[in-house]
Structure formats: C-alpha cells, structure tokens
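S.K.: My questions all concern the structure below.
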Amino acid sequence: MAMAIFKGGVHPEYRKELTASLAISVAPLPEKVVIPLQQHIGAPCEPLVEVGDAVKTGQKIGESEGFVSAPVHASISGRVTAIGPYNHPLGRKVAAVTIESDGQDEWDGQIGPLENYVECSPEELRDAIREAGIVGMGGATFPAHVKMSPPEGKAIDTVIINGAECEPYLTADHRLMLEEPEKVVIGLEVMMRVLGAGKGIIGIEDNKPDAIRVIGQLIEDKPALSVVPLKTKYPQGAEKMLIQVITKRQVPSGGLPLDVGVVNHNTGTAAAVADAVLTGRPLIERVVTVTGEGIRRPANLKVRLGTLVSELTELCGGLSDDTRKLIVGGPMMGLAQPTTDLPVIKGTSGILALTGEEVELIESDTCIRCARCVAACPINLVPTFIAQAAEHGRFARAEKLHAADCIECGCCAYVCPARIPLTQWMRVAKAEVLARRKG
Amino acid sequence: MNDNLVISSSPHIRTFQTVRGVMVDVLIALGPVVAVSILLFGYRALLTMTVAMLAAMLAEALWLHQWNIFGDGSAAVTGLLLAMTLPPDVAWWIPAIGSVTAIIIGKQVYGGIGNNIFNPALVGRAVLVVSWGTHLVGPIWPVPKPFHFFADISAVTTATPLAGEAEALGTTLSQLFIGNTGGCLGETSAMALLLGGLWLLYKGHIDWRIPGAFIGTVWLMGTLFGGAFYNNSVTTGLFHLLAGGVLLGAIFMATDMVTSPVTPWGKLIFGVGCGLITMLIRLFGSYPEGVTFAILTMNALTPLLDKFTIPRKFGEVKQVA
Ligand code: SF4
Ligand code: SF4
C-alpha cells in the first residue's frame, strides 16, 4: 500500500541509532525532586502542601480550579523542603515544590485501580484521567481530559495515537511501544470509550518496523483498531500532518482536530491513561531519552517527574567537555537550556546534549530567494517573506501572509542555505500577530 | 559543569547546505557545457570563459573589499554564465567588460547578492549587446572544430541555425542536440545543458517548474505557430527548443534563484512568460533570438508574481472526507 504523505517537510539525520535498541531502564530513585506547579498549558496549580509536610508517592500536591489545568503529584515519598520559584524547561522560573526523599517510596494508600474500568462511564474515566494529572506527553503538555471533552455537537469518530516520533534522536515512544504495547492499546481503548469514537488508529513511522509489528500483533483481533505505517519524514508527528495523512482530513486553519472529528494523543499519554485506570496511579514518571553526541552513555530512562536533569546526565556518564548545547526535547523543536539544574516535567521527552560541531553558530547571509523554505514548509507558508516582514516590524503584512498558522516545526530554518533563523522570526511574527488579534 | 552552553532558538540542527555550496554545485552543473564548448571551439572558448570568470570575481572582491576572490562563488557563476552567452571568437576584452558590468551594475548597486532584480549575467550581456552589438550578434559565426584545441575557429564561418530558414535546414536535430553547430559558447549542446539541468534538479537547486514551463511553452508555440518549414510542425517546435539559447536560458538563467519567484505558481507563470516572450520575439520580432530579453522582462515582473501567488495555506479550505 502506498503511504500517504504530506507536502513539504525535511529529512534530517535521525541519529536514533544511539538509543533505539536500548531497553528502557529504570533510573534509581532520586534523593530530591523538584515538581513545578505548572507542567501544562493552562492555569497553574496552587500548592496543597506546606514546607515540612510529609508526602507519599502519588499524593496530590498541587491543584487548580481551572478547567484547562492538571493537578501535580508527589513522585517520591519524603518531606517537602521548599516551595518557591525554580528553573523550568520553558525558560522562566516557575513555582515548584521540592521534596527530599525518605528512601521508602511509600505510595499513597488511597490509590487504587478503577473498579472494573471497562464498565465505567465516560465521565468517570475522564475524571480519573484528570485526577491523574495527565497531559500531552509529546511536549505540548495540553491537559488530556480537556481534549477528551469535545464541545456539544462535535462528534469524534477517530482517536489517533501519535507513534510517529518524528523528532530526530528521540526513542522514548519507540521503546514504550515495544516494551509496553498493551498499555498503549488499553490507553487508546479508554480514550475511544470516553469520546464514543468507533475507530482507533496508531500511526507509526516506518523507521520503526519492530513497533509496527508488535502493536500490529497485539490488535489483530480488535477490528476497531489499526496501525498505520507512516512515511519517515519530519514533521510527520505534527498534529495537522498526522491527521491529514491518516484520515485525509485537513484541520482547518485556526481550528482544532476535533473540528474534523479527530482527537489525537501521544504514545506516552496513552500509556499514562492506561496506568491511571488500571492502577489508579497518577502521572509521576515517564520515559526520557537522554542522548546526543555530548552524552557519554546514551539511554532510555524511566524517571520520576521532578528528577533534575543534572542527575540524569550524571547517570549517563556525564556531559562530554565539548558539549555546547543542552536541549530539553528534540533538536527540531526542543528548547536550549542554560543549565542542567532543572527538573524533568510531564512533557520532557528527551534530554539532548549536542557538541560544538553540530551547534556551529554561523552568521546568516542575505536571503538568496532559493525557495527552499517555501518547499519545506508543511503549512504552505512563505517563511522568507514573513521573516522579512517581522524583521522590519511590518506585522500587518506578516498577518496577511498567515504567520499565525505557523506550527514552529523548524523545517524552514533547517533547510535555509543562508542560515537565516527563520523559525525564530516566525515565532516573533506569530506572537505579535496573535497579540494584536486579541487587541 | 559546563558553563558555556549556547542558547538559541530551535531548530538546533541544520543542513550543511550553504550559499557557497549551492554556487559550487551550479559550477559543477556547467561542467559538461564547458567541456563541450572547449571541445568544439578550442582555446578561444577556454580564454573567454576564464577572462569572464576572473573579471567577475575580481570586480566583486574589490567592491566588497574581500581577500578571498572566490567568496560565496556567485561571482564565478555569473562570469561563467555570461561567457556562455558570448560567441566563441569574441575579442578578449568583451567578456571582461561584460563581467564587470554584470557584477557592478547587475548586482552590487542593488546591495549585493539576494537584492538584485535582474539576472546579473543577462544584464552584462544586454549592456554588451547595446554597446558592442556587432561583436556579439554578427550574421556570421565560427564553425565548430571539434577536438582541435588550437584551431583558428574564425577562419571558416557560418550562420547560426536561428538566422533564417535556409540556415536552419542546414542543421539536423541531432546536430543541435549534440551541439555541433554555430552559436554561443554555452548554447550549442542541448545534451550537455540537459545533463547539467538534471544534476541541479537532483541536488534540489532548481525547481522543475521554471525550466519545465519555459521549455514546454517554447515547444508548444514553435509547434503551433512556427510553421512547418522544418519538416513538420512538431519538429519545428523541437527545432526552436534546441536551437539558440532556450535551454541555456531555461536551465541556468531563468532559474537564477534571486531573480525568479519563490512561490510554486509564481515559478510556473514565470516559466511560461519566458517561453512566450522568447517565441514572440523569434516569430514576430526583428531579432532572431529573444531569450535574454524574455528573461529580463520576467525578472522585472518577479515581485509582482510573488505577491499574487502566495500559496494557499494548510487547512484554508475545509475538507471533509
Ligand atoms: S531558504 Fe533561506 S535563502 Fe532560501 S528563500 Fe528561504 S530564507 Fe531565503
Ligand atoms: S514557517 Fe513555521 S510551519 Fe512553516 S516550516 Fe517554518 S516553522 Fe514550520
């Protein structure tokens, strides 16, 4: 079967071989965790504990009234030693709860599985998902229960699990699909139930044939589910691209997947949903790929949320001396960090150390109008014109050129032979255009 | 702890493609054309090309006060392309003046690479045609002397196939394809030009739309309106394609990134426009050849084409399967 493709995109060096064949290993229990009260898009949580309090693993320690929000939980048992601003992967300091471990990892006694989850009502399941603090674990960190509460009149017929993992270097989802495929499938089935969707699809890039096979075998006798192999091309895992390729539906500009009857979730999110209903355990750990040329012993680690990045890099043999860039996330969309003193959060899919050679800060030249950025843009924008408009402060023009539709995938800057930081300009333009729209 | 971590916006990896790399690839693409023209016209071809490239690179280096005379490679490309549009036996100072003009008037006065409106090599050629036209577009052209490097090519002369019906009939299509005919240095061999074009397509430096639309339009117009003087109308169309500067123009000149549209539809219209104007000049104008003027005209329209062909963004039309 010919695989559907989307327009544009790029083929970066994937470098997944560094970790693709390494089984997930469980990181030792951290001495200390730092749990930011905001690990999601939406309203930040208020702390439910005070300095000095004893907490148990899985205990809820932060909650918000807002609908678009997700609670946070203690990921180890121990004592709260501080509540205050701490470095956050998004670049500013965010209020966080610091817990020092008692070494016991004693779980909160109230936690238990949902009785017979197959018979729970959609509402009960949705509440369980919210209570578990589950958010989009691919990096977007949008609260999962919100995506599962479509507005009145929007019927959802398909749930898609994004197993593309199109970011180079990252293999966390790949390993999860290989090692805990049942969870991914159960998570998908729960989501379909919540949404009343008749079809469940797991999309996996064809550079992971083993995952396609494993999941395929698992769902053989489940006619509602299917695995769709996807062409390996970045950004195959971008929501709009994924949905178009799998369902042939285009999410309208400015719209959401549910406008075309689809909800999509990341592999890790599905597994977390399965955990929440099977064991009642909230989201307190995740798989993180620690990799890059600057990491001496790359690995896929299952780590407690709030573990400091410095601890993980040490665990992997430390950063090499020529490490020039530390990134949380993947190389195309991740965020460069000034320090390793920051916690793993729900959306941390990878920790990437790049060495000098790859980082090369080269001055940009003038645009030679080669149109590579135009060809690469999956959203069909003309990045060079928007970047120029942004550079000259002409935001009305940027808006007319649809700057607000940019998904910040990085393809344009990736291909530019003049090395113009196009994506950065796109962000400037997009932020300004959106701010103006709000007035 | 490593405290010289670089902070910059994503993406954190890039292609190793550079402007210089693109230019080097264009030079490589011109390799077969260079080889054929030296085979056909001997040392005179080599001389003209060398002078043109050196003059272009020197002019650019002096203007930009840079020591590395190769620079980003774009001047070398401009010089070589200009040489391709010149007759084999042209006086040595013609390419020199042409190249300096191309670099200074065609490019640097606009603010250098990326900012010029017109293809610099064609600006150079246009100035030469206007000022020293008799050196360039005489009725008489040297006959190629294949494999005679030191041949005195001006001794025997002929007219180019485009000069008129009689001359055209004296040249077969296969002669035109191989390039064994009178003409400018870079335009005689369709085979060499296509080879270079394929390489550029393969490397992703040109988009098929411009050369495709240009070539397609020329062939179509030649077939429809060229008359059947060359056996039949289809072969007349082919004749128009292979004779003269259409392939050189379509593959190497019209595709100049800086001076052609960036949008897919813009490229297509640009190519059609080039073909259309070329054929209007050939069929109804007073000059035998119109490629230079066609491309320059379309260069001028490029900003407009870009403006009106901004692609439809993803999700603009709601599709429900
Ligand atoms: S890729 Fe870079 S050089 Fe090419 S058109 Fe876009 S901005 Fe200009
Ligand atoms: S303009 Fe935006 S969507 Fe298009 S390639 Fe650049 S970053 Fe991606």
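S.K.: Any residue in segment A:410-438 that is farther than 17 Å from A:Met332 by Cβ sitting within a Cβ distance under 6 Å of a residue that is within 10 Å of ligand 2 (Cβ to nearest atom)? List the pairs, counting only those 6 or more apart or interchain.
M.R.: Going by the 6 Å Cβ cut-off, the qualifying pairs are A:Ala429/A:Ile386; A:Ala429/A:Ala403; A:Val433/A:Ala403.
S.K.: Collect the residues in segment B:65-101 that are in a loop (DSSP other than H, G, I, E, B) and either at pLDDT 95 or above or closer than 14 Å to B:Ala45 by Cα (or both), keeping them in residue-number order.
M.R.: Residues satisfying the conditions are B:Thr85, B:Leu86, B:Pro87, B:Pro88, B:Asp89, B:Val90, B:Ala91, B:Trp92.
S.K.: Any idea how many residues of segment A:69-100 are in a loop (DSSP other than H, G, I, E, B) and without any contact (Cβ under 8 Å) to a residue 24 or more places away in the chain?
M.R.: First, pick out the residues of segment A:69-100 that are in a loop (DSSP other than H, G, I, E, B): A:69-71, A:74-77, A:88-92.
In the following step, the residues that additionally are without any contact (Cβ under 8 Å) to a residue 24 or more places away in the chain were identified as A:92.
Adding up the residues that qualify gives 1.
S.K.: If you check B:Thr278, B:Thr235, which single one turns out to be surrounded by fewer than 21 Cβ atoms within 10 Å (Cβ to Cβ) and either among the hydroxyl-bearing types (Ser, Thr, Tyr) or at positive phi (or both)?
M.R.: Step by step, each of B:Thr278, B:Thr235 is checked, and only B:Thr235 is surrounded by fewer than 21 Cβ atoms within 10 Å (Cβ to Cβ) and either among the hydroxyl-bearing types (Ser, Thr, Tyr) or at positive phi (or both).
S.K.: Given the residues A:Arg394, A:Arg436, A:Arg427, which is the only one that is away from ligand 1 (no atom under 13 Å from the Cβ), closer than 19 Å to A:Lys240 by Cβ and of a type in the set (Lys, Arg)?
M.R.: The unique qualifying residue is A:Arg427.
S.K.: Only helices (runs of 4 or more DSSP H) wholly contained in segment A:256-374 count here; list those with 3 or more residues that are closer than 18 Å to A:Pro12 by Cβ.
M.R.: In segment A:256-374, the matching helices (runs of 4 or more DSSP H) lie at A:356-359.
Each row is one residue, and each column tells you yes or no for (1) surrounded by fewer than 24 Cβ atoms within 10 Å (Cβ to Cβ); (2) aromatic (Phe, Trp, Tyr); (3) modelled with pLDDT under 95; (4) within 15 Å of ligand 2 (Cβ to nearest atom).
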residue	(1), (2), (3), (4)
A:Leu312	yes, no, no, no
A:Pro338	yes, no, yes, no
A:Thr355	yes, no, yes, no
A:Thr366	yes, no, yes, no
A:Ile386	no, no, no, yes
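S.K.: When you look at A:Pro338, is it over 29 Å from B:Gly266 (Cα atoms) and without any contact (Cβ under 8 Å) to a residue 40 or more places away in the chain, yes or no?
M.R.: yes
S.K.: Taking segment A:246-261 as the search range and keeping residues that are over 17 Å from A:Pro378 (Cβ atoms) and under 21 Å from the mean Cα position of the chain (by Cα), which one is surrounded by the fewest Cβ atoms within 10 Å (Cβ to Cβ)?
M.R.: This residue is A:Leu256.
S.K.: Identify the single condition in (1) over 15 Å from the mean Cα position of the chain (by Cα); (2) closer than 19 Å to B:Ile251 by Cβ; (3) among the hydroxyl-bearing types (Ser, Thr, Tyr) that B:Thr101 does not satisfy, given that it satisfies every other one.
M.R.: Exception for B:Thr101: condition (2).
S.K.: From the set of residues in segment A:389-431 that are assigned to a helix (DSSP H, G or I), surrounded by fewer than 18 Cβ atoms within 10 Å (Cβ to Cβ) and more than 12 Å from ligand 2 (Cβ to nearest atom), which is nearest to the other protein chains (Cβ to nearest Cβ)?
M.R.: Taking the candidates together, the pick is A:Lys400.
S.K.: Moving on. Going through segment B:25-40 one residue at a time, which ones are surrounded by fewer than 20 Cβ atoms within 10 Å (Cβ to Cβ) and of a type in the set (Gly, Ala, Ser)?
M.R.: Hits for segment B:25-40 are B:Gly31, B:Ala35.
S.K.: Shifting gears a bit: List the pairs whose first member sits in segment B:290-315 and is at the interface with chain A (Cβ under 9 Å from one of its Cβ atoms) and small (Gly, Ala, Ser), whose second member is crowded, with 18+ Cβ neighbours inside 10 Å and assigned to a helix (DSSP H, G or I), and whose Cβ atoms are under 8 Å apart, counting only residues at least 6 apart or on separate chains?
M.R.: B:Gly315/A:Lys240; B:Gly315/A:Asp405
S.K.: May I ask you to verify whether A:Leu381 is closer than 22 Å to B:Leu304 by Cβ, within 8 Å of another protein chain (Cβ to nearest Cβ) and not polar (S, T, N, Q)?
M.R.: For A:Leu381, the condition - closer than 22 Å to B:Leu304 by Cβ, within 8 Å of another protein chain (Cβ to nearest Cβ) and not polar (S, T, N, Q) - is met.
S.K.: Name every residue in segment B:1-24 that is assigned to a loop (DSSP other than H, G, I, E, B) and surrounded by 16 or more Cβ atoms within 10 Å (Cβ to Cβ), in order of residue number. Let's see the steps before the verdict.
M.R.: We begin by selecting, within segment B:1-24, every residue assigned to a loop (DSSP other than H, G, I, E, B); these are B:1-18.
Within segment B:1-24, B:Asn2, B:Leu5, B:Val6, B:Ser9, B:Ser10, B:Pro11, B:His12, B:Ile13, B:Arg14, B:Thr15, B:Gln17, B:Thr18 qualify.
S.K.: Being touching a Leu at 6+ places or on another chain (Cβ under 6 Å), hydrophobic (A, V, I, L, M, F, W, C) and closer than 30 Å to A:Ser77 by Cα narrows it down to one of A:Val303, A:Val328, so name that one.
M.R.: Working: A:Val303 fails: touching a Leu at 6+ places or on another chain (Cβ under 6 Å).
Just a single option satisfies the conditions, and that option is A:Val328.
S.K.: With the condition kept exactly as written, say whether any residue in segment A:369-376 is of a type outside the set (Gly, Ala, Ser) and in contact with a strand residue (DSSP E or B) (Cβ under 8 Å, 6 or more places away or on another chain). Outline the logic, then answer.
M.R.: If we filter segment A:369-376 for residues that are of a type outside the set (Gly, Ala, Ser), which is where we start, we get A:369-370, A:372-374.
Restricting the remaining residues to those that are in contact with a strand residue (DSSP E or B) (Cβ under 8 Å, 6 or more places away or on another chain) gives none.
Scanning segment A:369-376, I find no residue that is of a type outside the set (Gly, Ala, Ser) and in contact with a strand residue (DSSP E or B) (Cβ under 8 Å, 6 or more places away or on another chain), so the answer is no.
S.K.: What number of residues within segment A:101-141 satisfy the criterion of being modelled with pLDDT under 90, of a type in the set (A, V, I, L, M, F, W, C) and assigned to a loop (DSSP other than H, G, I, E, B)?
M.R.: Residues in segment A:101-141 being modelled with pLDDT under 90, of a type in the set (A, V, I, L, M, F, W, C) and assigned to a loop (DSSP other than H, G, I, E, B): 4 in total.
S.K.: Just to check your reading of the model, which residue among B:Leu241, B:Leu224, B:Leu176 is at pLDDT below 85, in a helix (DSSP H, G or I) and of a type in the set (A, V, I, L, M)?
M.R.: Values: B:Leu241 fails: at pLDDT below 85; B:Leu224 fails: at pLDDT below 85.
Criteria check complete, one pass: B:Leu176.
The values are calculated or read from the model by the stated rules, or taken from the named source; none is laboratory data. Remember, it's a predicted structure, so these values are computed and weren't measured experimentally. We place every Cβ from the backbone using ideal geometry, glycine too, and count neighbours over all the protein chains shown.
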